[in-house]
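Student: Please see the structure below; I have some questions.
The values are calculated or read from the model by the stated rules, or taken from the named source; none is laboratory data. These numbers were taken from a predicted model, which means no experiment stands behind them. Cβ sites come from the backbone with ideal geometry, for glycine too, and all protein chains shown count toward neighbours. Note: areas computed on protein heavy atoms with side chains; ligands, DNA, RNA excluded. Shrake-Rupley method; radii C 1.70, N 1.55, O 1.52, S 1.80 Å.
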Amino acid sequence: MGTLVSLTTVIILSWILFSEAQGIRSARLLDLLIRDFTFKSLDTNVGTGLLHSVSLPKNFSGIGVNIARYRCGSLRRYGAQVKEFHLGIGVTIHPCVERVVLVNQNLGYNWSNIYYENYDLSGYQLVSPVLGLLAYNGGSDVNTSDPFEVGIIAGGKPISVNFSSITKLKNESGVTPLCAIFESEGKVSLTKQASPFVCLAKKNGHFGLVTEKPSPAMLDGNSSNGGKKESKWKVAVGSSIGAALGAFLLGLLLVAMFVRGKKRTRMEELERRAYEEEALQVSMVGHIRAPTASVTRTMPNTIEQDYKPPRRHR
C-alpha cells in the first residue's frame, strides 16, 4: 500500500510539472517567464556587444534565447546584428537608458502555437517559428532585480528579420509566404516580404511567416498543421492522462475502503469471541474446543470427620 501511495505521489507531481509548462496560454506571460529566467541566469560581467546563449528550464525545451548588451549611443551609431535580427544605423531606445539588454527569442514550432491560438490567423498556418526581439534596461549590473521593458524604434532603415535558415519552405517551392507581425492586444498584421524569407519592421516585437494553405514543399509536413490540430492532439492526450490518473486514484480509494472494512469486521469478530470466551470457558478435548463449566462442590451441612451416627434407644 505504501508503494502505491508513493507511486501516486510521483505521478501527481509529474502531472503538475507537465501542466505548469503546458498551461501557459498567454504570449505575454511567456515573455515575462523568459525574461525572469534570463536575468536570473546571467553573469554580472556580460561583455558589451557579445552574444550570449541562455539556458532555460527543461519545461521550456524547444525555446532558444540569446542576449546581447549595448550602450544606447553605440547602438544608434553602429546598429547591431542579433541572430536573425538586423538593427540598422539610427535605431533608438525609448525610453533612453544608459545600457540596454536585447533578448532574442526563437520559440520553435511547438511554443509558436501560443501565438497561433492568441491571434486571429484563420485560413493561415505558420511556416516558421515565431521570433521575438525584446529590450530591457541594463545598468552597470546586468543581473538587475527589477528589469523593465523598453522599446526599440528603427531609424532611417527598418529592422530586418531573416527567416531563411529556419523556415519550413524551400526556396524553389513556388510558395510566397507573408510576414506576420504580432502586435499588442491580439492584433496581427500581414505584410509582403522585402525579399525571400526576409521581413521588415519599424519596432521590436514578435514575427513569423505564414501561408494560406499547407504546401507539399515543406521539409516536414507533420511538424505543423496550423497549430490547431496539434493543440487538439495535446488536449486529447492531456484528457486521457487525466482520466487514467483519476481512475487509478479511484481504484486506490476503493482498495483502501475495502481493506478498512475487512479490518473493522475482523476486529468486531475478535471482540465478540473474546466476550463469549470470557463468559464461558473453553478447553481442549482431544483436538476439539469445547465449552466447560467451572467445577464447584456443594458444601455439606456438617463436617464428615466429626460425624457420629445417633444411638438407638432400646
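Student: Pop a pseudo-label 7 angstrom from the Cα along the beta-carbon direction at both Ser53 and Phe258 and give the gap in nm to one decimal.
Tutor: Label at Ser53, label at Phe258, 5.3 nm between them.
Student: Which value in nm describes the separation of the simple spin-label points at Lys40 and Asp146, placed 7 Å from the Cα toward the beta carbon?
Tutor: 1.9 nm
Student: Could you state how much accessible area Asp120 has, in square angstrom rounded to the nearest 10, with a 1.4 Å probe and all protein chains kept in place?
Tutor: About 110 Å², ignoring ligands and nucleic acids.
Student: Compute the signed sum of charges (Lys and Arg +1, Asp and Glu -1) over the other residues within less than 12 Å, Cβ to Cβ, of Ile89. Could you put the intermediate results ahead of the total?
Tutor: Numbers: positive: Arg76, Arg77, Lys157; negative: none.
Neighbour charge sum, excluding Ile89 itself: +3.
Student: Evaluate the distance, in nm, between pseudo-label points positioned 7 Å from the Cα of Arg77 and of Ser189 along their respective Cα→Cβ axes.
Tutor: A separation of 3.1 nm, rounded to one decimal place.
Student: May I pose another question? Could you compute the net charge surrounding Ser189? Neighbours are other residues with a C-beta less than 13 Å from the C-beta of Ser189; K and R count +1, D and E count -1.
Tutor: Working: positive: Lys187, Lys192, Lys202, Lys203; negative: Asp120, Glu183, Glu185.
Summing Lys and Arg as +1 and Asp and Glu as -1 gives +1.
Student: Quick one: how many Å² of Ile89 are accessible to a 1.4 Å probe, rounded to 10?
Tutor: The accessible area comes out at roughly 110 Å².
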